[in-house]
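Right, one structure below, let's go through it.
Every number here is computed from the coordinates shown, using simple stated rules; none is lab data. Computed from a prediction, not measured in an experiment: that's the story for all the values here. FYI the Cβ positions are ideal-geometry reconstructions off the backbone, even for glycines, and counts take in every protein chain you see.
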Amino acid sequence: MNRMYKIVWSAARQVWVVVGELAKGKRKSASSQSTIALAGHVSSRCDVTPFKKWSWRYSALHAAVISMVALGSAVSMSAYAQDPAAGGQGGGRDNFGGGSGGASSLTGAGGDGSQGEVGFTTTGGGGGGGAGIDAAGAGGAGAESGSVDDGAGGAGGAGGASDGADGEDGGDGGDDNSRAGGGGGGGAGATGGVGILNDLPSNVTGGAGGNGGNGGSLTASTGLSSGGGGGGGVGGYGFVSTDSDPATLSGFTVQGGDGGAGGNGGRGGSNSQAGHDGGGGGGGGLGLLIQGAGVELVVDSSVAGGAGGNGGRGGDAAAGYRLGRGGDGGNGGDGLIFTQDAAARIEGSVTGGSGGNGGASGDSGGTPSSSGSAGDGGTGGSGVVLEAGGSVQISGTVSGGAGGDGGENINNTNASAGGAGGAGLLALNGGTIEVTATGSVTGGDGGDGGTSLGDDGIGGAGGVGIQGSNLTVTVAGSVWGGVGADGTEANAIEFTGGTNQLIVLAGSRGGAVVANGEHDTLTIGVTGEFDVSRFDSVSGNFRGFEAFEKIGAGTMALVGSTAETTPWTVLAGTLSIDSGSALGTSDSLLTLNGGALAVTADTTVENNVVIGADNGTISVANGVAATASGALSGTGAFTKDGAGTLTLSGANSYTGGTTVSAGTLIGDTTTLQGDIVNNAALTFDQGMNGTYAGALSGVGVLTKDGDGELVLSGNSSTYAGTTILSGGLLSVNNALGGTVNVTGGRLGGSGSLGALNVASGGTVAAGNSIGTLNVNSDFSLGAGSTLEVELNDGGNVAGVNNDLVNVTGTATIEDGAIVHVMPVAGSGSNYAAGTTYTILEAGTLDVQGTQRLNIDFDYAYLSFVLGQVGNALTLTSSLDNALGQTFALAGMSRNQRSTATGVFTQGAGKAVFDQVLNMSERQAFAAMDALSGEVHASARTVLLDSASQVRSAVRQRTRSTERSEGQGVWFELLGGRMNLDGNGNAAALDSDEQGLLLGIDKRLSNGWRIGLFGGASYSDFDVNDRTSSGESDNYHLGVYAGQNWDQLSLNLGLGYTRSQLETKRGEVLGQTLRDDYDTDSLQVFAELGYLIEREGYWLQPFANIAWVNLRNEASEERGGSAALRIKAHDTATGSSTLGLRSGTDISLGGTTANLYGSLGWKHGFADLEPDSRHAFVEGGSSFTIHGAPLARNAAEVAVGAALQVTPDSTLSVSYQGEFASNARDQGVRLNWGMRF
């Protein structure tokens, strides 16, 4: 049911008036008007603020107070939850309504009630008079007679006089046989008092609103209309405070007046028309209104709003006609309203008035009717309303009023609704609210829905405890929502917009909190367990918050898990978790700014963490292992506390430094930031290399773990604890105090230490290659531990040409300790035998035991002798006498041993000799492979295979023309690839070849066919394991002949090849060596076959043999001291094959194709491992190197097809392959031949 308002000028009364037009629910075809006169002229500057609904449902008319004039000034009143100055709505329809109840006025006289309208069909009741301060308005007159006879409307009740006088009841409408009169509206109750609250002499109560008059009934069975009940008058305000001085309400109570009840609707005729509606109850009066700005108010007693009046009963009707609707209950008055910014302490009680009950529907003598309904219950008033901000501290009780019950529907199923409970505290424009430990705020309960012949009506919802926007609410007491009629508890707190903060302190209790603002923060200062499921966005107690804070010195434990985003800031005390999921989703930021996070069970915290300017702590319980995988950032200092273990694994960037107060902190150079005070246990677990540039201090234990290198570059000289190296490399390049114990891994660097103890399995290696490590106390090298010493060439200055450990105290070297000598950075340089190096200097040197020192070195050809000169430990180098006259070592291959002899015979002073002399065993093996020049021997393997390709092509030509007459020409394109595996001596070889051969031949009269061939090919090859490669241009020339005697055939051939070879060797002691030279090869070959022809195919067993001799010219490589002289040398090898060929001819249109294939066993003999003779250009004896071997036994396969293109020309394509356990040689050929 809606009401619209407009302001119009009344010329008769010379005042501005508010005119309300009622759209009458189901009776929207007609309208009713009532007018409320303002108490004075309205200023042209006055704002008109429309009525704003904060409740769920209103059914009574609420005439808004638009403006008031107090003490000569225009004062604007904002709208709040409900207007307690509204009288009840007059009941009625079809312009036969009862008058509305009177409204109140704060100043001057109350307005006169409006007169019922006069017209052809109207018989309205008069409106109730308004209640003023000094005088009361008169009630309106009843309607005059129209053009037909009808009963006069009841006169409106007069408004109450000042000082809380009650309003008068409205008059009853007159009965009539045609048109009965409407009841008059009840008068408004007067305001209890206006002025200075401190001057209040006694309890004060606003006047009660007058009851509305009953509507007139029809006296004839066929009359036109009965009259509607008059609306109840509004209750008067309890007290209006107009000044701004501090005020205290103590010992006296302030109570708003109750609203008057609505009048009953008139009864319809027995055979016609419906019953009329009952009047609405008047609204309860406001308890206490504070108008002054900046008022400091203390309420130490009781303030309450008035109760809303009950709605009138609907008029009865004849069976089949509409029943009169019951009037709606009036809304309860608000308890306490501040119109401007103020500060209040509520130590007593403030309560909103309860809503009135709805009136029952009319009756139809027990016969059910489909129309008509009971009235809805009125809404409860709010306890406290802040219109313009301010602060309220509540140590007493604040309650919203209960909603009224819906009226009973006697004759149908149209059930009425119960009224909603009022809010405990309503803040319209921000404010600060504190509920102390003794305080409580409660929303009003909802009224029950009305009964009917069907289901009961919807019950009223409970009122919210605290509602508003831009609020800061602190709760140490209780805040509850009211209970709805269905048993549902309303929210304890609702934030409706803006920026809000809820601070929950120890002892607080209450219902659900819903945050719908733009940015809402929940701040918790309680101890004990807190179940994070309470943050669930659907069913949790705290919904919609965007930020969470922990305050207070105690510990609050988050239990359970939540899928909500809950960014926490710990400002004080400790926030405890047993699972990372208690902190919400992984993108929920955790800020530690003066507080601590405690972890009580093994878990991973994935959240990013900010360390605020007031610093932050993570504490891990004893026996617990926790990981912080998110990034730690911020400007504050981070502290690890608690006896448990915390591992940092995020990309941290915090800048305030780190303190380890208890337990163990594990990280690396990425996660551990700034200077570190270690008073417990700190572990650098370096999986990768990293540098820590901060300063270490404290008295705890520092452990270096992991396979990576940790470089300490900061000045940690004040560190007084213990450092344990258990893995990887620790390089100290500045100062590290305390004691260093090496139990595993390597200790290096060019810095200084306190005491140093190296146990079995540990290694100390001074410098970052070569350098000096200073020990500013005692040094102990235990049995099974290693002192690693690197050497370089150029001299024997300790710390420059070799590593040095410089000890200021006593150096104790136990029996069984090891000195390991190695070349600098793992590679050799030029060292001179007989050089003495100082590797350790001490204040006192104590070498213990009879065995003295074990010496171990990486040099293959140098040996070292330890010595002691005073308090210095020395090394003296010498050539290893066990070598004899060679650099060959046990386990070397044939090529390596041969090369080693060639290197050794160069003698000292030669570059290659001197470099090899200083190599480790591993380096020596690799060097011999690189120095060998193996590519030259393997090049011979490639050229021998090239000869095989030429031989195979010529054989194919002679076989294809065994029985051909005349002479012919031919050419053949060939290509192939060879892959040979290494054999433990020579490395694997890969080569490719492409070429072209041309030939001409002729059949002689004696049956022999003779021919001449020539051509060229190109070969390239790689020996990847020796970083070597080469290429060759090959030029071929030869003759061939063939004869057959019936099925027996013989083919012969002679070939010569000239090859121009280029080679390249890389990474030979840092050199790249090149060479080019020519080779010559001569080969002879023969094949014997026997042809067996069968119908449709043929067979030919065959046997062939070949011999090849290859000779290279002498040459010298270019490119460095490792260059070789290649000597002229011959290699001869042979092969034989036994096999079977077969083929068949097929017709293809007008031509013929021959398909053929062969399978054979190829056996190699003579020099199957081609060798090459070498010597170093700079001197030394010659040595022989063997290349990749040819296969001794291989399977030989071939398939092909020859197409008779013309009667005199043939085109063929074929594939040949040789397969052995260590070799694969495959090729494809295209041949064309023509006979003429």
- Note on the structure: Each label sits 7 Å from Cα toward the beta-carbon; between H820 and I1092 the label points are separated, in nm, by 7.1 nm
- Note on the structure: If R0 = 30 Å, then E1113 and V1084, at their Cβ-Cβ distance, give a FRET efficiency to the nearest 0.05 of 0.85
- Kindly state, to the nearest 0.05, the FRET efficiency for A572 paired with A651, given R0 = 35 Å and r defined as their beta-carbon distance. 0.80
- Query: What does the convex hull of the Cα atoms of segment 933-1235 come to per residue, in Å³, rounded to a whole number?
  - Reply: 115 Å³
- Note on the structure: Counting sequence-distant residues (5 or more places) and residues on other chains, those with an amide H built under 5 Å from that of D793 are N830
- Item | Candidate aspartates and glutamates for bridging to K704, where Cα separation is under 14 Å - those fewer than 8 sequence places away on the same chain excluded | D668, D685
- Specify which residue in the list V473, G383, A461 is farthest towards the positive end of the charge dipole of segment 362-477, using unit charges on the beta carbon of Lys, Arg (+1) and Asp, Glu (-1), about the Cα centre. V473
- Message: Between S539 and S1136, what is the label-point separation in nm under the 7 Å Cα-to-beta-carbon projection?
- Response: 9.5 nm
- Message: Kirkwood Rh and Cα-based Rg: tell me the resulting Rg over Rh for segment 969-1044, rounded to two decimals.
- Response: 1.20
- Note: E965 to V865 extended length (0.36 nm per residue) minus current alpha-carbon separation gives 27.4 nm
- Using every pair of alpha-carbon atoms in segment 1072-1129, split the distances into 10 Å bins beginning at 0 and state the percent of pairs per bin, rounded to integers. 18, 24, 18, 15, 13, 10, 3, 0
- By its C-alpha gyration tensor, with a ≥ b ≥ c as the square roots of the eigenvalues, how is segment 428-574 shaped: rounded for a/c under 1.5, else prolate for a/b larger than b/c, else oblate? prolate
- Note on the structure: Stretched fully, the stretch from L1004 through F1165 gains (0.36 nm per residue minus C-alpha distance, one decimal, in nm) 54.4 nm
- Please give every one of the aspartates and glutamates within straight-line cross-link reach of K550, meaning a C-alpha to C-alpha distance under 15 Å, and leave out same-chain neighbours fewer than 8 residues apart. D520, E529, D531, D614
- Query: Once fully extended, how much extra length lies between W1232 and L1012, figured as 0.36 nm per residue of separation less the alpha-carbon to alpha-carbon distance?
  - Reply: 77.6 nm
- Excluding residues on the same chain fewer than 8 positions from K1064, give the aspartates and glutamates whose Cα lies under 14 Å from its Cα. E934, D1020, D1022, D1025, E1031, D1075, D1076, E1116, E1117
- Message: Could you tell me how far the Cα centroid of segment 573-610 sits from the Cα centroid of segment 1166-1236, in Å?
- Response: 74 Å
